[in-house]
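Novice: I'd like to ask some things about the structure below.
No lab work stands behind these numbers, since they all come straight from the coordinates. Values in this document were obtained by computation on a predicted structure and should not be read as measured data. Positions of Cβ are generated from backbone atoms using ideal geometry, with glycine treated the same way; all protein chains shown enter the neighbour counts.
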Amino acid sequence: MKDNKNELREMTISFALDVSDACEGIIGCKSYVNQVIRSSSSIGANIYEAKYAQSRADFINKLEIALKECSETEYWLELLRRKEAISYERFKALNKTRGTIQRILIASITTAKKNGE
């Protein structure tokens, strides 16, 4: 279980860095770029915070915030794709990783809630 948590943390770091790299050369769309960098890095930050949660409810809350940030990231990536600021191929690769993180978060939240009953 601990390895899975470390794997997720590493995945979110790599994802945030990949999003940042994808945004590096974008000219224009400054507000979209700022938002996608913030939301993509916030996913991992909230997962890190969950490690030191004060209760099961706090742990679940942190993961749910990470899940919301994951969804928000999808939105900003889509805007950048539609503005043609990032290529469709780059969008697909980033969104695939984001989707994997999202599924892991949903499973983790579901498990944490079941274990709390």
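Novice: Under a Cβ-only charge scheme (Lys and Arg +1, Asp and Glu -1), can you give me the dipole magnitude of the chain about the Cα centre, in debye to the nearest 20?
Specialist: Roughly 200 debye for the chain.
Novice: Follow-up question, since we're still on this one. Determine Rg/Rh for the range 2-115; Rg is computed over alpha-carbon atoms and Rh is the Kirkwood hydrodynamic estimate from the same atoms. All intermediate terms of the calculation are to be shown ahead of the outcome.
Specialist: Values: Rg = 14.4 Å, Rh = 14.3 Å.
So for the range 2-115, dividing Rg by the Kirkwood Rh gives 1.01.
Novice: Modelling each spin label as a point 7 Å along the Cα-to-Cβ direction, I'd like the Ala107/Arg56 distance in nm, to one decimal.
Specialist: For the pair Ala107/Arg56, the computed spacing is 2.1 nm.
Novice: Residues in the range 62-88, backbone N under 16 Å from the label point at Asn34 (7 Å along the Cα-to-beta-carbon vector): list them, ranges by number please.
Specialist: So the set is 76.
Novice: Please find, in a Gaussian network model of the chain (springs between Cα atoms separated by less than 10 Å), the residue of Thr100, Thr73, Thr12 whose mean-square fluctuation is greatest.
Specialist: Of Thr100, Thr73, Thr12, the Gaussian network model singles out Thr100 as fluctuating most.
Novice: Moving to a separate point now. Here is the link list: Lys62/Lys83; Lys30/Lys92; Lys30/Lys83; Lys51/Lys113. Which ones come out longer than 23 Å on Cα distance?
Specialist: Lys62/Lys83
Novice: Is the range 78-117 rounded, prolate or oblate when judged by the Cα gyration tensor, a ≥ b ≥ c being the square roots of its eigenvalues, rounded requiring a/c under 1.5 and prolate requiring a/b larger than b/c?
Specialist: Numbers: a/c = 8.22, a/b = 3.74, b/c = 2.20.
Prolate shape, in that a/c is at least 1.5 and a/b is the bigger ratio.
Novice: Please give the net charge around Leu105, taking every other residue with its beta carbon less than 11 angstrom from that of Leu105, where Lys and Arg add +1 and Asp and Glu add -1.
Specialist: Summing Lys/Arg as +1 and Asp/Glu as -1 gives +2.
Novice: Using each residue's phi in the range 8-20, evaluate 6.51 cos²θ - 1.76 cosθ + 1.60 at θ = phi - 60° and report the 3J(HN,Hα) Karplus result to the nearest Hz, with x for Gly and Pro.
Specialist: 5, 4, 5, 4, 6, 5, 4, 4, 4, 5, 5, 5, 4
Novice: Okay, next question. Tell me, in nm to one decimal, what length is gained between Tyr75 and Ser14 on full extension, where the rule is 0.36 nm per residue of separation less the Cα-Cα distance?
Specialist: Working: separation 61, 0.36 × 61 = 21.96 nm, distance 1.92 nm.
The Tyr75-Ser14 span can extend by a further 20.0 nm.
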